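Asks: First, the structure itself, so that you have it in front of you.
The values are calculated or read from the model by the stated rules, or taken from the named source; none is laboratory data. As the structure is a prediction and not an experimental result, all values here were calculated from the model. Counting neighbours? That spans all protein chains shown, and the Cβs are built from the backbone with ideal geometry, glycine included. These area figures cover heavy atoms from the full protein model, side chains too; ligands, DNA and RNA do not enter into them. Shrake-Rupley method; radii C 1.70, N 1.55, O 1.52, S 1.80 Å.
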Protein chains: 2
Amino acid sequence: MSQPYDRIFNFSAGPCTLPVEVLEEAKEDLLNYKGTGMSVMEMSHRSKAYEGIIAAAEADLRTLMGVPDNYKVLFLQGGASTQFATIPMSYLPAGKTADFVLTGTWGKKALESAKIYGQTNVVFDAKADNYNQVPNLESLSYSSDAAFMHFTSNETIQGVEFKSDPSLSVPVICDMSSDILSRPVDVSKYALIYAGAQKNMGPAGVAVVIIRDDLLASGPDGLAPMFDYKVQAENGSMYNTPPCWSIYMCGLVYKHVLKHGGLAGAQARNQAKADVLYSAIDGSNGFFKGHAHTDCRSIMNVTFTLPDEDLTKTFIKETEVAGLDGLKGHRSVGGCRASIYNAFPQEGCEALAAAMKEFAAKHG
Amino acid sequence: MSQPYDRIFNFSAGPCTLPVEVLEEAKEDLLNYKGTGMSVMEMSHRSKAYEGIIAAAEADLRTLMGVPDNYKVLFLQGGASTQFATIPMSYLPAGKTADFVLTGTWGKKALESAKIYGQTNVVFDAKADNYNQVPNLESLSYSSDAAFMHFTSNETIQGVEFKSDPSLSVPVICDMSSDILSRPVDVSKYALIYAGAQKNMGPAGVAVVIIRDDLLASGPDGLAPMFDYKVQAENGSMYNTPPCWSIYMCGLVYKHVLKHGGLAGAQARNQAKADVLYSAIDGSNGFFKGHAHTDCRSIMNVTFTLPDEDLTKTFIKETEVAGLDGLKGHRSVGGCRASIYNAFPQEGCEALAAAMKEFAAKHG
């Protein structure tokens, strides 16, 4: 099926597909943003026009996620990986422990970085089963001196996803990089949520941090200003020049999600897309095998294997020729990974499911 | 005079004007980059297409600046302000001193951040004269235990600029954020050069770091990976997802500068533009007063004052109506600042000079 602008179905794990309408609007305004006589890329971040852009992005994100008033919303640089350092630098004081729940690769990276700054404790690790499951967070034992617990709501590489917000007495910090805005969440259950933009929000180059005021205030003095969430909050994410274009693009995406039913609408579309692929897996008589346990199957990253390496290579090659791009799985899981973030179209999932069915019939 | 696409003359201090041809190319490829079927914003940073984009950007920057082989070129997030922290974190060990030359606001910010990480020493400070001059760097006395000396080649707010590369035995670290690519430099005189992109290179969201191998290797172990220049170098600036779009745009700008005579061409155009404005100042019989000493007048930021505050306000208002935008000076200097970075057109300088002449004749 031919896509508008000869675009392909892009199953990349991120950066990834953005809504066509958003790209069209960015293109339309590229040399002259709404009569300002300049591109958003050329605009002073202190100008009225840009202040309007960043204020609207924050307001729309707050509306979308229902962010309570006692939380700050920050747009920062360095991706989630920089927050892996600045979070423990800020909120893991001597004498306290940071508890980590490990359900995949990104949680492990967050842990390794936290170890540099203080005491850590692993309260759950699915390593023995190659990270194919998630625990019940309410049933785990947290450290008595826990500064916070940290988990990764969706593990991109493994395709395992938590399906609800945890109710815990310990402050909860969550890396939502790969499923933020994919479904409604109760922000009040979290002390801090962070996410790189490049899956569901916009292009790479900006990370969103949503932080409760009491945690924010508990940070130490004397940090370098760029690493100090308090400084960033006091300066409205503009202590220095922010990544203006990436924030602008996120703002366009937020408006697009709002226009299409908000997070409930996104969830319904994402679940329908994921169902198409998981049905293809489950209906293949074991030719395709899903990696994740069925109760934690990600609606963002569908991971599955084929009977052997040769068939996997053939499948990836054939689908790529057919315009289904980026299906190669990460080496730690093998097989295939179909990343189907918010903006990925239903038609792409149907095209992949059809290709899977055909391939299994031929080789099964 | 009407500009293409109804664009205005944008004198912003950064982000600022980009070449129209570069914006046109970005617009053309926005929904489908060169037949890949996706936008650069949607592309996996691990894809062949994106690897080509970042490799070309690095190669073109190396060509433009004549970067020797024993230097790494990095594209990082967080702007120059993050390097204010990661440089001393990396290269200011206990028992050593970092020497700072202060010729304006940005040098002072770099100093404040370095103090967090170690011993510092101010070897020159033009504060008493409100930062209107630069010293001869070869005639200053550096600390006997200097880990490095740091200076700011062009101070954006004050409009003072060093006119040559220093020959020093102490390792030289230079913040070139606001004049990189404006003129040829001898990279071999520096241990580390860094610059935010948003003046002469591209949109905000990426900083370039050019670092000599011996300094790179001298960094400590155990830093968080995002703050570790060694990790960034080993991973080709892709330890995590880089700011793909900003790097892509920088790459387009590099090609544009190469096509138009390289840095010698840029310098000739910049000097000609600056001459138009400094001539207008010097020919105004004292109505306009230049802030910087004549020997260090910036060819990027032309700072000048008017006889009083009311005239200043009137001038800024009248020029803004005429499509000359962003001329208000920083409060620490007052008056006006005309930022005329690489991509700012000659016609804009001539339009401003004409407006200055007319205004002085009327109010002088």
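Asks: Along the charge dipole of region B:192-252, which of B:A224, B:I210, B:N235 sits closest to the positive end, that is, farthest toward it, with unit charges on the beta carbon of Lys, Arg, Asp and Glu (+1, +1, -1, -1)?
Replies: B:I210
Asks: HN-Hα J couplings of region B:204-217 from phi, Karplus 6.51/-1.76/1.60, θ = phi - 60°, integer Hz, Gly and Pro as x?
Replies: 4, x, 9, 10, 9, 10, 10, 9, 6, 4, 5, 5, 3, 5
Asks: For A:E320, what charge total do you get from the other residues with a beta carbon under 13 Å from its beta carbon, if Lys and Arg give +1 and Asp and Glu give -1? Intermediate values should be presented prior to the final figure.
Replies: On the way: positive: A:K313, A:K317, A:K328, B:K48; negative: A:E318, A:D325.
Overall, the nearby charge balance is +2.
Asks: I would also like to ask the following. Each residue of region B:340-351 in turn: what ³J(HN,Hα) in whole Hz from Karplus with 6.51, -1.76, 1.60 and θ = phi - 60°, glycine and Pro shown as x?
Replies: In residue order, the calculated couplings are 10, 5, 2, 7, 6, x, 3, 4, x, 5, 5, 5 Hz.
Asks: Which whole-number percent gives the relative contact order of chain B, counting Cα pairs below 8 Å spaced six or more residues apart?
Replies: Working: 695 pairs, mean separation 80.8, N = 364.
Normalised by residue count, the contact order of chain B is 22 percent.
Asks: Output the relative contact order of region A:262-363, whole-number percent, from Cα pairs under 8 angstrom with separation of 6+ residues. Write out the running numbers ahead of the final one.
Replies: Values: 122 pairs, mean separation 33.3, N = 102.
Reported relative contact order: 33 percent.
Asks: Using just the C-alpha positions of region A:24-259 as equal point scatterers, what log10 of I(q)/I(0) does the Debye formula give at each q in 0.08, 0.17 1/Å?
Replies: The Cα Debye sum returns log10 ratios of -0.30, -1.25.
Asks: No solvent, one uniform scatterer per C-alpha: report log10 I(q)/I(0) for region B:262-363 via the Debye equation at q = 0.14, 0.16, 0.20, 0.23 1/Å, two decimals.
Replies: Calculated log10 I(q)/I(0) at the listed q: -0.48, -0.63, -0.99, -1.32.
Asks: Residue separation times 0.36 nm, minus the C-alpha to C-alpha distance between A:S141 and A:A55: what's the value?
Replies: Working: separation 86, 0.36 × 86 = 30.96 nm, distance 4.03 nm.
My answer for the length gained is 26.9 nm.
Asks: So, one more: For the protein assembly as shown, give the percent of accessible area contributed by carbon and sulfur heavy atoms, probe 1.4 Å, rounded to a whole number. Mind dumping the intermediate values first?
Replies: Values: 13220 of 26630 Å².
Carbon and sulfur atoms account for 50 percent of the accessible area of the protein assembly as shown.
Asks: Compute the signed sum of charges (Lys and Arg +1, Asp and Glu -1) over the other residues within less than 13 Å, Cβ to Cβ, of A:L74.
Replies: On the way: positive: A:R62, A:K72, A:R212, A:K230; negative: A:E58, A:D213, A:D228, A:E234.
Value of the local net charge: 0.
Asks: Along the charge dipole of region A:1-71, which of A:Y33, A:N10, A:L64 sits closest to the positive end, that is, farthest toward it, with unit charges on the beta carbon of Lys, Arg, Asp and Glu (+1, +1, -1, -1)?
Replies: The residue sitting farthest along the positive end of the dipole is A:Y33.
Asks: From the P(r) of the protein assembly as shown, can you give the percent of Cα pairs sitting at distances over 38 Å?
Replies: Values: 102898 of 264628 pairs.
Roughly 39 percent, rounded to a whole number.
Asks: Could you give me the radius of gyration and the Dmax of region A:107-220, taking only the C-alpha atoms into account and expressing both in angstrom?
Replies: Using the Cα atoms of region A:107-220, the pair Rg, Dmax is 14.1, 40 Å.
Asks: Using the Cα centre of the protein assembly as shown as the reference point, and only Cβ charges (+1 on K/R, -1 on D/E), how large is the resulting charge dipole? Debye, rounded to the nearest 20.
Replies: Rounded to the nearest 20 debye, it is 20 debye.
Asks: While we're looking at this one, here's another question. What are the residues whose amide H is under 5 Å from the amide H of A:K328, where those residues sit 5 or more places off or on another chain and H is modelled from the backbone?
Replies: Those qualifying (amide H under 5 Å, at least 5 residues apart or on another chain) are A:R337.
Asks: Are there trypsin sites (Lys or Arg not before Pro) in region A:275-364 that DSSP marks as loop and that have at most 10 other Cβ atoms within 10 Å, and which are they?
Replies: Passing sites in region A:275-364 are A:R331.
Asks: Using Cα pairs under 8 angstrom and six or more residues apart, how large is the relative contact order of region A:129-253, in percent? Please report the intermediate quantities before stating the final value.
Replies: Details: 163 pairs, mean separation 21.0, N = 125.
Relative contact order for region A:129-253 comes out at 17 percent.
Asks: For the charge dipole of region B:262-363, defined by +1 on Lys and Arg C-beta atoms and -1 on Asp and Glu C-beta atoms about the Cα centroid, which residue among B:S339, B:H363, B:F288 has the Cα displaced farthest towards the positive pole?
Replies: Towards the positive end, the residue furthest out is B:S339.
Asks: No solvent, one uniform scatterer per C-alpha: report log10 I(q)/I(0) for region B:173-289 via the Debye equation at q = 0.17 1/Å, two decimals.
Replies: For region B:173-289, the Cα-only Debye profile gives -0.96.
Asks: At a Förster distance of 51 Å, what's the computed FRET efficiency of A:Y5 paired with B:A264, Cβ-Cβ distance as r, to 0.05? Don't skip to the answer; put the middle values down first.
Replies: Values: r = 40 Å, r/R0 = 0.78.
It comes to 0.80.
Asks: Shielding of B:7-15 by partners, i.e. mean partner chain Cβ atoms within 10 Å per residue? Working shown, then result.
Replies: Working: counts 7, 5, 2, 8, 1, 7, 3, 4, 15.
Mean shielding count: 6.
Asks: Between region A:140-210 and region B:232-282, what's the alpha-carbon centroid distance in Å?
Replies: For region A:140-210 versus region B:232-282, the Cα centre distance is 38 Å.
Asks: Hey, what number do you get for chain A at 222 nm if only DSSP H runs of n ≥ 4 count, each worth -39500 (n - 2.57), divided across all residues, to the nearest 500?
Replies: After summing the helix terms and dividing by residue count, I get -11500 deg cm²/dmol.
Asks: Here's another thing I want to ask about it. Go through region B:122-139 residue by residue and turn each phi into a ³J(HN,Hα) via Karplus (6.51, -1.76, 1.60, θ = phi - 60°); whole Hz please, and just put x for glycine and proline.
Replies: Whole-Hz 3J(HN,Hα) from phi for region B:122-139: 9, 8, 7, 8, 8, 4, 4, 9, 6, 6, 10, 8, 10, x, 7, 5, 6, 9.
Asks: How many partner chain Cβ atoms sit within 10 Å of a residue's Cβ in peptide A:82-88, on average, as a whole number?
Replies: For peptide A:82-88, the averaged partner shielding equals 3.
Asks: Within 10 Å of each Cβ in B:208-221, how many Cβ atoms from other chains are there, averaged over the peptide?
Replies: Mean number of neighbouring Cβ atoms from other chains: 0.
Asks: So for region B:1-141, considering every pair of alpha-carbon atoms, how many percent are separated by more than 21 Å? Don't skip to the answer; put the middle values down first.
Replies: Details: 6630 of 9870 pairs.
So the pairs more than 21 Å apart make up 67 percent of the total in region B:1-141.
Asks: Here is a follow-up. How big is the charge dipole of chain B about its Cα centre, in debye rounded to the nearest 20, if each Lys and Arg gets +1 on its Cβ and each Asp and Glu gets -1 on its Cβ? Walk me through the intermediate numbers first.
Replies: Values: 31 positive and 40 negative charges, 37 e Å.
That gives a dipole near 180 debye.
Asks: List the residues whose amide H sits under 5 Å from the amide H of B:H291, counting only those 5 or more places along or on another chain, with H placed 1.01 Å from N in the peptide plane.
Replies: B:T303, B:F304, B:T305
Asks: Nearest 20 debye, what's the magnitude of the dipole of region B:116-198 about its Cα centre given +1 on Lys and Arg Cβ and -1 on Asp and Glu Cβ? Before the final figure, lay out each step's value.
Replies: On the way: 4 positive and 10 negative charges, 15 e Å.
For region B:116-198, the charge dipole is close to 80 debye.
Asks: Under 12 Å from the Cβ of B:A55, count the other residues' Cβ atoms, weight Lys and Arg +1, Asp and Glu -1, and hand me the total.
Replies: On the way: positive: B:K48, B:R62; negative: B:E51, B:E58, B:D60.
Counting the neighbours of B:A55, the net charge comes to -1.
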